[in-house]
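Working notes, structure below.
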Amino acid sequence: YMAETRGREATGICYIRNNTYIIEKQPIASSVFIKNVLPKHIEDIEEAKIAIGHTRYPTQGSPKDNNNNHPVDSENWILIHNGNVTAMPRLDHYKYKGEVDSEILVSSIEQYGVKEGLPYVERGSAAVALIDKRDLNSIYLWREASPIVIAYDSQSNTLFFASDQGFLERGLANRFLLFTSFQIRELPANLLIKITINRSVC
């Protein structure tokens with residue numbers, strides 16, 4: 001809801017439950033999405049082991065074409081992306097679904113792998129969360145110029161992340177008491193983190 005300030009043109013979610021991924025996205029503001037779309041997913045999201053969300057301010061590709069909205073998915077990957085990579089070249093042999101620049105980043109990851117594909121960001125900015133469809137127990141976080149802030153709650157063994165520290169602080173205010181061991185940190189630039197359920201591996 002708070003991330004609507006980053007873009008009102010589209011909203012989307014993806015969550016993993018029972019070893020299956022569900023993607024729901026529509027060209028509407030998050031406040032409308034939360035009211036009209038989210039209720040049918042909320043019980044499953046509460047039980048999900050991984051859940052991500054995104055609000056979109058379009059740089060390339062009309063939000064009316066849902067292929068341009070996030071999460072963007074390819075054969076093997078599901079991605080949400082904050083920033084723009086409009087200078088990245090499209091791969092000649094890749095079959096793109098839409099026009100959004102984030103899909104170019106996904107195509108690079110499909111071509112070169114996650115570790116080698118992410119650094120292909122050229123003259124742009126990126127903060128991404130990635131889910132590998134072949135490993136639904138993990139999520140990757142990586143950023144270049146755009147921010148990612150993370151917070152870990154040891155009591156619930158849950159990792160939270162957002163593009164803005166204020167989103168985490170306000171969004172989690174009802175979940176945590178004022179004085180806890182809960183701490184927020186910024187993810188270092190160009191560090192790829194893979195978080196696996198019940199353990200974290202860099």
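Read the figures in this text as sums done on the coordinates, not as results from a lab. Being a predicted model, the structure only gives us computed values, none of them experimental. Positions of Cβ are backbone-derived with ideal geometry, glycine not excepted, and every protein chain shown enters the neighbour counts.
How big is the stretch 1-118 on each of its three principal axes, counting only the C-alpha atoms and giving the largest first in Å?
Principal-axis extents of the stretch 1-118 (Cα, largest first): 41, 30, 20 Å.
Determine by what factor the alpha-carbon radius of gyration of the stretch 1-68 differs from 2.2 N^0.38 Å, reporting the quotient.
Compactness ratio reported: 1.10.
Run through the stretch 86-175 and list the GluC sites (Glu not before Pro) located in a DSSP loop whose Cβ has at most 13 other Cβ atoms within 10 Å.
Answer in residue order: 122.
Explain nothing, just the number: dipole magnitude of the stretch 1-129 about its Cα centre with +1 on each Lys and Arg Cβ and -1 on each Asp and Glu Cβ, in debye rounded to the nearest 20.
My answer is approximately 240 debye.
What's the longest uninterrupted piece of the chain once you rule out the trypsin sites (Lys or Arg not before Pro) that are loop residues per DSSP with at most 11 other Cβ within 10 Å?
That would be 135-202.
Roughly how many whole Å is it from the C-alpha centroid of the stretch 39-84 to that of the stretch 101-166?
First find each Cα centre; the distance between them is then 13 Å.
Provide, for the stretch 22-106, the number of lysine pairs with alpha carbons under 19 Å apart, each pair being eight or more places apart or on different chains.
Close lysine pairs found across the stretch 22-106: 6.
Report the one residue of 124, 198, 12 whose Cα lies farthest in the direction of the positive end of the charge dipole of the chain (charges on C-beta: Lys and Arg +1, Asp and Glu -1; origin at the Cα centre).
Working it through, the farthest residue towards the positive pole turns out to be 198.
Can you list residues from other chains, or at least 5 along the same chain, whose modelled amide H is less than 5 Å from the amide H of residue 77?
It is 133, by chain and number.
I'd like to know which of 173, 113, 161 lies farthest towards the positive end of the charge dipole of the chain, counting +1 on Cβ of Lys and Arg and -1 on Cβ of Asp and Glu.
Going by the charge dipole, the pick is 173.
Using Cα pairs under 8 angstrom and six or more residues apart, how large is the relative contact order of the stretch 128-177, in percent?
Relative contact order of the stretch 128-177: 22 percent.
Which values, in whole Å and largest first, are the semi-axes of the equivalent ellipsoid of the stretch 27-66 obtained as the square root of 5 times each eigenvalue of the Cα gyration tensor?
The equivalent ellipsoid of the stretch 27-66 has semi-axes of 23, 13, 8 Å.
How tilted is helix 101-112 with respect to the longest principal axis of the chain? Cα atoms for both, answer in degrees (0 to 90, nearest 10).
Roughly 80 degrees, rounded to the nearest 10.
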